[in-house]
Structures are given as structure tokens and as C-alpha cells.
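The block underneath contains the structure these notes are about, expressed in C-alpha cells.
Taken together, the values in this text are just the output of simple stated rules run on the coordinates, not laboratory data. These numbers were taken from a predicted model, which means no experiment stands behind them. We place every Cβ from the backbone using ideal geometry, glycine too, and count neighbours over all the protein chains shown.
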Amino acid sequence: MSKTAFIFPGQGSQYPGMGKDLADTFSVARRIFEEADDALGMKISALCFSGSEDELRLTANTQPAILTASIAVLRIVEQETGLKADYLAGHSLGEFSALVCSGTLNFADAVRTVRARGTFMQEAVPVGTGTMAAMLSIEKDELEDICREAAQGEVVSPANFNSPGQIVIAGSTAAVNRAIEIAKSRGFRKSMLLPVSAPFHCALMKPAADRLATVLDALQMAEMRLPVVANATAAPNSDSGQVKPLLVTQVCAPVLWEQSVSEMKERGVTRFMEIGPGKVLSGLVKRISKEVETANIGDLDGLKAHQG
């Protein structure tokens, strides 16, 4: 029996105008944007529909914007298609969208929490002092060795295991630059600094993790209707009591995306549906496994292919 996973995008998938065609067409999507505006006390809908790329790139805006656009898509998928998921997962921020989908996390709580999470992550490290870089065609063990050599008392470590041959590192700007130079000296010339505002998923995010823990403490988690494959463990979690600690760990731990996709595939998932803006995850899944089916639903065109 082949299984389906719904996967939800993280930062980097945002684009100006996202969700507008869906909100114009479906009242269920419109209601999600209205609910987000009410929960945040700001017009996140206007930011999604007509905000500039620069505004959308600010982490405190990006996170609630992508979450809201993703859940708007999800509600339409639930209403308009017969698609059902067996497993859920999301990349970094996308894990919150997956948890809303699973029923354990209330949407209004989620959108407020990721707004705070974005702010905490931005404030954890002064702008410019930390960065991230994509390191291509380097195996995990060798890259970990490069990071150890580059650290010199500072922080630099793998932050995202995205797909075979694509690992992102994060840390202090000087240490990340040293890692790039050491990689070059070992013959690995393909690396690039990423246009991010902070070094996510590394030890420098500890202040953000501590602040997020306080916010999560106040939230009620309902029973989980579907298992969510957690970024920090690459294992399916069906225990709502584990959700908060996993989300806190995730802030400083690497995103085990390649391992998460492989785990779902081992459990019989043959179709990965990317729910939300962009096609980033579909591309990564294809690089991880050629034989699975991928599709993305993020706008009207994507939806039309799946309306029964």
C-alpha cells in the first residue's frame, strides 16, 4: 500500500504575492489570512499579497507569512481534493505547519509562536556576525572535520542536511569563511554564502531556543492525528508531549531533511506533496530519491492538477 507525505516549506520559499490567488478564489483560504491578521495584530495578509521582497525577507515576517500561506493551501487541499497524508514533515519553520496539519498545534498559536521565533532568532546574533553557506559535493564526515578545523574557538557546524551533496553550514562569519577556504584547499571548490539574516540551526541560536521554550510552555498541545517526522531526529513522532522539546532542540540542531525523507520512504511513502509556496522541497526530495513521486500545491495552477 503506497503512502503519501505532506511536506511543508521553510524560509527561502517566500515570494511577493503568495497566497493571493487562493484567497481571492476560496473563502477557506481567506479565513486563514484573516485569522493570522487577528492573531498577530498586524496585516500579514497584506505582506504576503503586496509586500516587497525585502519586507518578506525579514525573519520575523518570513516565518508567519510562509506558515499562513502554507496552512491556507492546506485548508483548500482538505476541502477541494481527496488527498490524504500518512506522514507529515516540514523544513525548519515548516515543522510548525506540519504540526498544525497534525492537529496538535492550534493555527493562531502557531502563527504567533513563529513570529516570536523569527524575532528571537534574529536577535540571538547581531546582524553580520553570523552567516550560513551551502557546501556542495562534500560528504558529511569530511565536512564535520572541516568545521572542526575551521572553528578555532568559534562556532561553525552543519545546519541543514538537505540532499546528497548539499549540506549547509552555519556559525560565526569568520569561522564559516575559514571553512570555505579549508574546503577549497581540499579540492572542494563549490560553496556559496547564503543571503540569510542569521546563522540558523547552530549553537549561536541558544538564546533563541531558551526564549522559544518559554513561549511554548504556555501553549496547549492536542493529540496528534498524524505522525510528524521531526527535523532534529528524522523519526516520526506521534506523542504530543514530545512536540515542545523537539521544537526547542530544532533551533540549535541541524535539520535532518535528507534523513527524514529517507525514513519516510523506508516506511512506504511513494508520494511527497509539497504544501505551500515554492518548489524547494520537491527539488530536494527528487535529489534524495529518483523513484518517488513529487508534486507541489502552492497556487491555483498547482491545485488544478489535483482537484478531483
Practice problem: Specify the inter-centroid distance of the range 33-79 and the range 82-148, based on alpha-carbon positions, in whole Å. | Solution: 17 Å
Practice problem: Give me Lys279, Lys184 ranked fewest to most by other Cβ atoms within 10 Å of their Cβ, as a rough exposure proxy. | Solution: Lys184, Lys279
Quiz item: Based on DSSP H assignment, which helices of the chain show an axial Cα extent of at least 27 Å together with a mean Kyte-Doolittle hydropathy greater than or equal to -1.0?
Solution: 59-80
Quiz prompt | Sum of -39500 (n - 2.57) over DSSP H runs of 4+, divided by residues of the chain (222 nm, nearest 500) | solution = -15000 deg cm²/dmol
Practice problem: Grab the Cα-Cα distance for Gln79 and Asp54, subtract it from 0.36 nm times how many residues apart they are, and report the gain in nm with one decimal. | Solution: 5.7 nm
Practice problem: With r as the distance between the Cβ atoms of Ser2 and Glu144 and R0 = 41 Å, compute the FRET efficiency 1/(1 + (r/R0)^6) and round to 0.05. | Solution: 0.70
Exercise. Please arrange Ser172, Ser282, Ser185, Ser70 by counting, for each residue, the other beta carbons lying within 10 Å of its beta carbon, fewest first.
Key: Ser185, Ser282, Ser172, Ser70
Exercise. Sort Met192, Met121 so that the residue with the fewest other Cβ atoms within 10 Å of its own Cβ comes first and the one with the most comes last.
Key: Met192, Met121
Quiz item: Given Lys206/Lys265; Lys184/Lys244; Lys43/Lys140; Lys184/Lys286, which pairs have Cα atoms separated by over 30 Å?
Solution: Lys206/Lys265; Lys184/Lys244; Lys43/Lys140
Quiz item: Given q = 0.08, 0.14 Å⁻¹, what are the Debye log10 I(q)/I(0) values for the chain, with equal point scatterers placed on the Cα positions and solvent ignored?
Solution: -0.33, -1.04
Quiz item: Going by average Cβ neighbours within 10 Å, how do the peptides 74-84, 253-263 rank, with the highest at the top?
Solution: 253-263, 74-84
